[in-house]
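The values are calculated or read from the model by the stated rules, or taken from the named source; none is laboratory data. Predicted model only: the values in this text are computed from it and were never measured. We place every Cβ from the backbone using ideal geometry, glycine too, and count neighbours over all the protein chains shown.
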Amino acid sequence: MEAMRERWTDDRMDDLNGKVDALRLEMKTEFAAVRGEMKDEFAALRAEMREGFATIEGRFEKVDQRFEKADERFEKMNDRLVQIYQTMIGFCGIALAALIGFLATQI
């Protein structure tokens, strides 16, 4: 009886060993396939991201140009306001001089 058990166990162990080897080979093959798919997908994703970032960079360049134009407009408006301020000070100076002259002639 004991001899049959050892034989049965040895046969079963050999069978299990074969199944484990087959499973190992199958897993190795599957992992290699998954790695290949992942490399391809990552490469495609990188290419898509580069394209998207290039598009975004182009949009940022356009926004930068618009901001530069707005800055130019603000600078022009600032120059005009300074001119208006200087003109008003000039008129106030003339009006003050005229008032002083008028008062001087009246006293």
### Task
Kindly establish whether Thr9 is in a helix (DSSP H, G or I), at pLDDT below 95 and either exposed (fewer than 10 other Cβ atoms within 10 Å of the Cβ) or touching a Cys at 6+ places or on another chain (Cβ under 6 Å) (or both).
no
### Query
If you check Thr87, Thr29, Thr105, which single one turns out to be among the polar types (S, T, N, Q), loosely packed, with under 10 Cβ neighbours inside 10 Å and in a helix (DSSP H, G or I)?
Thr105
